[in-house]
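S.K.: Here it is, the structure in full.
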Amino acid sequence: MQSFLKPPKQQPKHAVDPALQPWIEKYRPKTMDDISAQEHTVQVLKKTLGSNNLPHMLFYGPPGTGKTSTILALSRQLFGPELFRSRVLELNASDERGISVVREKIKNFARQTPRAADAEASRGYPCPPYKIIILDEADSMTQDAQAALRRVMETYAKITRFCLVCNYVTRIIEPLASRCSKFRFHTLDASSNRTRLEYVAHAEGVAVTPSVVDALISTSDGDLRRSITYLQSAHRLSASTTPPGEIQARDIQEIAGVIPDAVVNRFAGSLGVEGEDVDMDAKKGGYDGVRKAVQELVMGGYSAMQVLSQLHDIVILHPLLSGRQKSRCALIFAEVDKNLSDGADEELQLLDMGLRVWKALR
Amino acid sequence: MSLWVDKYRPRSLEDLHYHPELSARLRSLAGSGDFPHMLFYGPSGAGKKTRVACVLRELFGAGAEKLKIEQRVFLTPSKRKLDVNVVMSNYHLELTPSDVGTYDRQVIQEILKEIAQTQQVDLNAKQRFKVVVINEADQLSRDAQAALRRTMEKYMSNLRIILVANSTSKLIAPIKSRCLLVRVAAPTPEEMESVLAYVAKKERFDLPPEVASGIVAEATGNLRRALLVLEALKMQHPDLNAEKLEIAKPDWETYCTKVADLIVAEQSAQRILDVRAKLYELISHCIPPSLIIKTLADRVVEQVDEALKADIMHWAAFYEHRMRQGNKKIFHLEAWVVKVMSIYKHFMFDIDLTGFDE
């Protein structure tokens, strides 16, 4: 009988072994001070921590620059971990967000007057008398759903603040954008990217050489999330071999799906782009040479988009080609890129691009 | 009595015939307990799915091979019912989004959330998480891919996703950055020959090296196709050593060659009509139009002057792209045929056809 009355053993609800957690979650900034770069935005938002007043906000910028992290850190600092659950509603593209959800779920949440803060739970936090609704990836909301938000935002402005997070500010309808104060998140510069990566690597006890960090930064184009994920994947790979090896810059490129330089250079060579380590016999291949080179790439499983972007870098930065040749190539690349993103067949497009570049450089 | 392709499909990572480094990596990842989301990509017939199945076996043991098919009903927002067949074992679940057409987002959302919110029941299971395998991930709509983004992060504790795709070009960047990319390249001719020899040995017949290399040359890196051809060949000619063997091409390929011959042989309005009838024939036998245009272009290019090759390929790429955007495939196939004829005639007889292009 006693055993029935005993409270059930408190099991931690989401018992995730911290070692298995993705590092991007593990090292998500906990406070506003932890956020890398974005000094301007952080400075403005920090003031709101003191003043208890928060406007509706619209965060926009390229992926991996810390938009979601910022708003999560901000609301955590405002409400503390206890009240966080009742005061913050986070909706993202994985939730159904059609017009009906705006009408019901969001409206209902927005309508509730926040309960008076429990003195114990809110100790040490400002706990302002409003709730926050975070609409992550708001650019994937339909126009109708966005339109339905307009009035909701105004009516309940006293007790609810909205924070829209998106990549493309142009996809947010004008009436919504004008109700928010906008914050632009810019791409992380190499140095803050490096600091953060080294911090994570140090905290995880992973030995990284500067060349690996360079490879991480160059493959991820300022997307911090991407570089941390790559670092973790590379660490997994190197740690799981026996004996645990060191992370190589080559591993990072393979994980990132970057095509090895040798392969791209060979391809470029067969198109007639002169390189350092290319034998010039390949150049005279003509149609058959190009066709063979393309087939090799396709068989290797490389993605056409990746080929295109790497070839683009080679051609545009090439020291010997004339301006006219480069601009001709640029036109071709642009056209092929459009075709590829329309879903055209990769092999045909690559072949077409190869032949046209080869012609343009002849 | 199953096909050789299935009969000799490697069941575990040790049995895989090529890419030994990749297998070693996969094994150590599966053993480390820190298994990431993964994205397998590579050309078809390179062995992506085989590797996924092997990884699942490595993760969960033989239990992952006990498959059952379940029929699930989903309700779309417009109250339409969708029946989806889901292949699942106790530990994993396979989805092919192209089965559900435009409603893939709803299905992905519901299935993933359901899996993510239930924990592994089997206490003896080796891993705490379940795996969802999404085949043909490059066919997922943008919406569905967006829906995957947060789910992949949020439910990491009891869900792992394995995506299988032919190319990463059509996957959005956020998905790629959340996965460990695994490139499965097509096997080299030598590797394919060794696999063919292995199968021949298991089936106890003699495979002359010339036949093997002939099959491999036909298959262009597609091991599945090579094995199917080998089996068909063995059925037709039980004794592979005896006579001079013709490696049979698929019917549609020979048919395409014929059409290409027609195009090159004569360029006239009547010939366009003939070709058109043949194209209809191909389409009605469910040969994908983009494959038709690709094969045709290849065959035509073999027979024309060097100066024309680049142009013909360019227009093939151009009309293939149009075909994706347009509605009626036959229009674009025909347009390409007419274009090729015009270029060819222009070149051969030096007739000024510039007005025709507009």
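The values are calculated or read from the model by the stated rules, or taken from the named source; none is laboratory data. Quick caveat: nothing in here was measured; it's all calculated off a predicted structure. Positions of Cβ are generated from backbone atoms using ideal geometry, with glycine treated the same way; all protein chains shown enter the neighbour counts. Accessible surface is based on the protein model in full, side chains and every heavy atom, while ligands, DNA and RNA are left aside. Shrake-Rupley method; radii C 1.70, N 1.55, O 1.52, S 1.80 Å.
S.K.: Once amide H atoms are built 1.01 Å from N in the peptide plane, which residues 5 or more positions from B:Lys130, or in another chain, come under 5 Å H to H?
M.R.: The list, which skips near neighbours in sequence, is B:Leu159, B:Arg160.
S.K.: Quote the accessible area belonging to B:Glu14 in square angstrom, nearest 10, computed with a 1.4 Å probe and with ligands, DNA and RNA left uncounted.
M.R.: In the full protein context, B:Glu14 sits at about 110 Å².
S.K.: If you don't mind, there's one more thing I want to ask. For a test of the definition: using alpha carbon positions, the gyration tensor, and the 1.5 limit on a/c, classify chain B as rounded, prolate or oblate.
M.R.: It comes out oblate by the Cα gyration axes.
S.K.: Let me ask something additional. How high is the relative contact order of chain A? Use alpha-carbon pairs under 8 Å, at least six apart in sequence, and give a whole percent. Before the final figure, lay out the partial values.
M.R.: Details: 434 pairs, mean separation 55.3, N = 362.
15 percent.
S.K.: What are the lysines whose alpha-carbon lies under 17 Å from the alpha-carbon of B:Lys68, with same-chain residues fewer than 8 places away excluded?
M.R.: B:Lys68 reaches B:Lys130.
S.K.: Which angle between 0 and 90 degrees, to the nearest 10, do you get for helix A:261-270 versus the longest principal axis of chain A when only C-alpha atoms count?
M.R.: 40 degrees
S.K.: Each residue of the stretch A:58-64 in order: what ³J(HN,Hα) in whole Hz does its phi give by Karplus 6.51 cos²θ - 1.76 cosθ + 1.60, θ = phi - 60°, with x for Gly and Pro?
M.R.: 10, 9, 9, x, x, x, x
S.K.: Determine the order of B:Ile287, A:Ile132 by accessible area, beginning with the largest, at a probe radius of 1.4 Å.
M.R.: The ordering from most to least exposed comes out as B:Ile287, A:Ile132.
S.K.: List, in order, the whole-Hz ³J(HN,Hα) value for each residue of the stretch A:23-38 obtained from phi through the Karplus relation with A = 6.51, B = -1.76, C = 1.60 and θ = phi - 60°; use x for Gly and Pro.
M.R.: Once θ is set to phi - 60°, the couplings for the stretch A:23-38 become 5, 5, 7, 5, 9, 5, x, 8, 10, 4, 5, 6, 6, 6, 6, 6 Hz.
S.K.: Per residue of chain A, what 222 nm ellipticity follows from adding -39500 (n - 2.57) for every DSSP H run with n ≥ 4, rounded to the nearest 500?
M.R.: On the way: 16 runs with 189 residues, N = 362.
Dividing the helical sum by the residues of chain A leaves -16000 deg cm²/dmol.
S.K.: Let me ask something else. Looking at the stretch B:161-253, which chymotrypsin sites (Phe, Trp or Tyr not before Pro) are in a loop (DSSP not H, G, I, E or B) and have at most 16 other Cβ atoms within 10 Å?
M.R.: In loop regions of the stretch B:161-253 (DSSP not H, G, I, E or B), the sparsely surrounded chymotrypsin sites (Phe, Trp or Tyr not before Pro) are B:Phe205.
S.K.: Looking only at other chains, what is the average number of their beta-carbon atoms within 10 angstrom of each beta-carbon in B:29-42? Write down the numbers at each step before the final one.
M.R.: On the way: counts 5, 1, 1, 6, 4, 10, 2, 7, 3, 1, 1, 1, 4, 5.
Mean partner-chain Cβ count within 10 Å for B:29-42: 4.
S.K.: Here's another thing I want to ask about it. Could you tell me whether the protein assembly as shown comes out rounded, prolate or oblate from its Cα gyration tensor? Rule is a ≥ b ≥ c as square roots of the eigenvalues, rounded for a/c under 1.5, then prolate if a/b exceeds b/c, otherwise oblate.
M.R.: prolate
S.K.: Just to verify a number: FRET efficiency for A:Lys47 and B:Val73, C-beta to C-beta distance, R0 = 51 Å, to 0.05?
M.R.: Working from the Cβ atoms, E equals 0.45.
S.K.: If you restrict to DSSP beta bridges whose two residues both lie in chain B, what percentage is antiparallel, to the nearest 5? Numbers along the way, then the final one.
M.R.: Details: 10 of 27 bridges.
Looking only at bridges with both residues in chain B, the antiparallel portion is about 35 percent.
S.K.: Tell me which residues come under 5 Å, amide H to amide H, from A:Leu89 once H is placed; ignore anything under 5 positions away on its chain.
M.R.: A:Ile132, A:Ile133, A:Ile134
S.K.: Another one. Under a straight-distance cross-link criterion of Cα-Cα below 27 Å, which lysines are reachable from B:Lys278, leaving out those fewer than 8 residues away in the same chain?
M.R.: The reachable lysines, counting only those whose Cα sits under 27 Å from B:Lys278, are B:Lys249, B:Lys258, B:Lys294, B:Lys309, B:Lys328, B:Lys329, B:Lys339, B:Lys345.
S.K.: Subtracting the Cα-Cα distance from 0.36 nm times the residue separation, let me have the gained length for B:Asp143 to B:Thr220 in nm, one decimal.
M.R.: The B:Asp143-B:Thr220 span can extend by a further 24.3 nm.
S.K.: A follow-up question, please. How much of the accessible area of the stretch B:252-348, probe 1.4 Å, is carbon plus sulfur, in whole percent?
M.R.: Values: 2450 of 4390 Å².
Carbon-and-sulfur percentage of accessible area, whole number: 56.
S.K.: What is the antiparallel percent of DSSP beta bridges lying wholly in the protein assembly as shown, to the nearest 5?
M.R.: Around 25 percent of the beta bridges assigned by DSSP in the protein assembly as shown are antiparallel ones.
S.K.: Can I ask one more? Given a 1.4 Å probe and every protein chain left where it sits, what share in percent of the accessible area of the stretch B:87-225 is carbon and sulfur?
M.R.: Working: 2630 of 5700 Å².
Of all accessible area on the stretch B:87-225, carbon and sulfur atoms account for 46 percent.
S.K.: With an 8 Å Cα cut-off and a minimum separation of 6 or more residues, compute the relative contact order for the stretch B:19-183 in percent.
M.R.: Working: 255 pairs, mean separation 48.4, N = 165.
Once divided by the residue count of the stretch B:19-183, the mean separation gives 29 percent.
S.K.: Residue farthest toward the positive end of the dipole of the stretch B:144-214, with Cβ of Lys/Arg at +1 and Asp/Glu at -1: which of B:Thr188, B:Pro209, B:Asn158?
M.R.: Working it through, the farthest residue towards the positive pole turns out to be B:Asn158.
S.K.: Let's test the formula: R0 of 41 Å, r as the Cβ-Cβ distance of B:Ile172 and A:Ala157. What FRET efficiency results, to the nearest 0.05?
M.R.: 0.75
S.K.: Can you give the extra length, in nm with one decimal, that the chain gains between A:Ala239 and A:Asp342 once fully stretched, where that is 0.36 nm per residue apart less the Cα-Cα distance?
M.R.: Working: separation 103, 0.36 × 103 = 37.08 nm, distance 3.99 nm.
Gain on stretching A:Ala239 to A:Asp342: 33.1 nm.
S.K.: Okay, moving on. In what order, largest first, do A:Ser69, B:Ser157, B:Ser78 sit by accessible area if the probe radius is 1.4 Å?
M.R.: In descending accessible area the options line up as B:Ser78, B:Ser157, A:Ser69.
S.K.: Once you've got the GNM for chain A with C-alpha springs shorter than 10 Å, pick whichever of A:Gly289, A:Gly66, A:Gly343 has the biggest mean-square fluctuation.
M.R.: A:Gly343
S.K.: Taking a probe of 1.4 Å and counting only protein heavy atoms, give the total accessible area buried between chains A and B in Å², rounded to the nearest 100. Present the calculation step by step, with values, prior to reporting the outcome.
M.R.: On the way: alone 20240 and 19620 Å², together 34770 Å².
In total, chains A and B hide about 5100 Å² from solvent.
S.K.: Here's a follow-up. Per residue of B:261-272, count partner chain C-beta atoms within 10 Å of its C-beta, then hand back the mean as an integer.
M.R.: Working: counts 0, 0, 0, 0, 0, 0, 0, 0, 0, 0, 0, 0.
The shielding value for this peptide is 0.
S.K.: Sorting B:His332, B:His285 by accessible area (1.4 Å probe), largest first, what list results?
M.R.: B:His285, B:His332
S.K.: Decide, for the stretch A:253-362, between rounded, prolate and oblate: order the square roots of the alpha carbon gyration tensor eigenvalues as a ≥ b ≥ c, take rounded if a/c falls under 1.5, and otherwise choose prolate if a/b is larger than b/c, else oblate. Mind dumping the intermediate values first?
M.R.: Working: a/c = 1.31, a/b = 1.16, b/c = 1.13.
Rounded, since a/c falls under 1.5.
S.K.: Heavy-atom accessible area of A:Ser51 with all protein chains present, probe 1.4 Å, nearest 10 Å²?
M.R.: Approximately 70 Å² of A:Ser51 is accessible to the 1.4 Å probe.
S.K.: Now for a separate question. List, in order, the whole-Hz ³J(HN,Hα) value for each residue of the stretch A:178-187 obtained from phi through the Karplus relation with A = 6.51, B = -1.76, C = 1.60 and θ = phi - 60°; use x for Gly and Pro.
M.R.: Each residue's phi maps through the Karplus curve to give 6, 7, 10, 8, 8, 10, 9, 9, 9, 4 Hz.
S.K.: How far apart, in nanometres, would the label points at B:Lys66 and B:Cys286 be if each is projected 7 angstrom from Cα along the Cα-to-Cβ direction?
M.R.: 3.3 nm
S.K.: Sticking with this one: With every protein chain left in place, what is the accessible area per residue of the stretch B:252-348 in square angstrom, probe 1.4 Å?
M.R.: Here the per-residue accessible area is 45 Å².
S.K.: What full-extension length gain, to one decimal in nm, is calculated for B:Asp99 and B:Leu273 as 0.36 nm per residue of separation minus the Cα-Cα distance? Don't skip to the answer; put the middle values down first.
M.R.: Values: separation 174, 0.36 × 174 = 62.64 nm, distance 3.56 nm.
Value of the extension gain: 59.1 nm.
S.K.: Per-residue accessible area for B:Glu210 at 1.4 Å probe radius, Å² rounded to 10?
M.R.: Accessible surface of B:Glu210 is approximately 130 Å².
S.K.: Still on this model: What residues qualify as long-range amide H neighbours of A:Thr160, i.e. H under 5 Å apart, gap of 5 or more or another chain, H built at 1.01 Å from N?
M.R.: The list, which skips near neighbours in sequence, is A:Lys131.
S.K.: Right, another one. If we sort B:129-137, A:40-48 on the protection proxy, mean other Cβ atoms within 10 Å, highest first, what's the order?
M.R.: B:129-137, A:40-48
S.K.: Follow-up. Averaged across B:147-153, how many Cβ atoms of other chains sit within 10 Å of each residue's Cβ atom?
M.R.: Across B:147-153, the average partner-chain Cβ count within 10 Å equals 6.
S.K.: Check the straight Cα-Cα distances from A:Lys182 and name the lysines below 29 Å, setting aside those fewer than 8 residues away within the same chain.
M.R.: Cross-link targets: A:Lys26, A:Lys30, A:Lys46, A:Lys47, A:Lys67, A:Lys105, A:Lys107, A:Lys131, A:Lys158, B:Lys154, B:Lys176.
S.K.: Among A:Ala249, A:Ser192, B:Asn222, which residue has its Cα furthest toward the positive end of the charge dipole of the protein assembly as shown, with +1 on Lys/Arg Cβ and -1 on Asp/Glu Cβ?
M.R.: Of the options given, the answer is A:Ser192.
S.K.: I've got another one for you. At a 10 angstrom cut-off on C-beta neighbours, averaged per residue, how do the peptides B:306-313, A:203-210, A:27-34 rank from highest to lowest? Working shown, then result.
M.R.: Values: B:306-313: 18.2, A:203-210: 13.4, A:27-34: 15.5.
Order by mean packing, descending: B:306-313, A:27-34, A:203-210.
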